[in-house]
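Comments concern the structure below.
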Amino acid sequence: QVQLVESGGGLVQAGGSLRLSCAASGRTFSNYRVGWFRQAPGKEREFVGRISSSGTVTYYADSVKGRFTISRDNAKNTAYLQMNSLNPEDTAVYYCAASSGMAYSDARTYAYWGQGTQVTVSS
């Protein structure tokens, strides 16, 4: 089992920045790829990005590429989602998830999920 807890969400104005954290406990965090997803009201859960277990490879959705950056510190069992140039369309509950699978954007490959943290971007 891997337990994940997100933090860092909140209310920010358009153009602002936030950094989300995903703290892990349980099994060896460095064995897992970490993905970030988001879900806006009335919409399906959407892939945001993923980082490899070592932290050397990242993937991003086109909607956030160039604005969001995923990183991780395996010594601290924590992954991060740095979000810059936020706009109201980024408003959603953000989730981190852990996976040992290869399909980086498929939520079904992620076995462990955090509870989510709300991000609200005002115009």
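Condition first: over 12 Å from F47 (Cβ atoms), more than 12 Å from the chain's Cα centre (by Cα) and crowded, with 22+ Cβ neighbours inside 10 Å. Can you find one or more residues in the stretch 90-105 that meet it?
Yes: one or more hits.
Go through the stretch 1-14 and give me each residue that's assigned to a loop (DSSP other than H, G, I, E, B) and open to solvent by 60 Å² or more (accessible area, probe 1.4 Å). Steps first, answer last, please.
Going through the stretch 1-14, the residues assigned to a loop (DSSP other than H, G, I, E, B) turn out to be 1, 8-9, 14.
Q1 - this is the single residue of the stretch 1-14 that is assigned to a loop (DSSP other than H, G, I, E, B) and open to solvent by 60 Å² or more (accessible area, probe 1.4 Å).
Looking only at residues that are modelled with pLDDT of 95 or more, open to solvent by 30 Å² or more (accessible area, probe 1.4 Å) and assigned to a strand (DSSP E or B) in the stretch 22-46, which one is farthest from T91 (Cα to Cα)?
Ranking the qualifying residues of the stretch 22-46, first place goes to R33.
Name the residues in the stretch 106-123 that are at pLDDT 95 or above and either open to solvent by 50 Å² or more (accessible area, probe 1.4 Å) or more than 14 Å from the chain's Cα centre (by Cα) (or both), would you?
If the condition is that a residue be at pLDDT 95 or above and either open to solvent by 50 Å² or more (accessible area, probe 1.4 Å) or more than 14 Å from the chain's Cα centre (by Cα) (or both), then W113, Q115, Q118, T120, V121, S122 are the ones that fit.
Go through the stretch 58-106 and report how many residues are of a type in the set (G, A, S) and either free of Cβ contacts under 8 Å to residues at least 40 places away in the same chain or in a strand (DSSP E or B) (or both).
Residues of the stretch 58-106 of a type in the set (G, A, S): 61, 63, 66, 71, 75, 79, 85, 92, 97-101, 103, 105.
Going one step further and asking which of them are either free of Cβ contacts under 8 Å to residues at least 40 places away in the same chain or in a strand (DSSP E or B) (or both), we end up with 63, 66, 71, 75, 79, 92, 97-99, 103.
Adding up the residues that qualify gives 10.
The values are calculated or read from the model by the stated rules, or taken from the named source; none is laboratory data. Here the structure is a predicted model, which is why all the values come from computation and not from measurement. As a convention, Cβ positions derive from the backbone with ideal geometry for all residues, glycine included, and neighbour counts pool all protein chains shown. The protein model used for the area step is the full one, side chains on, heavy atoms only, and it has no ligands, DNA or RNA in it. Shrake-Rupley method; radii C 1.70, N 1.55, O 1.52, S 1.80 Å.
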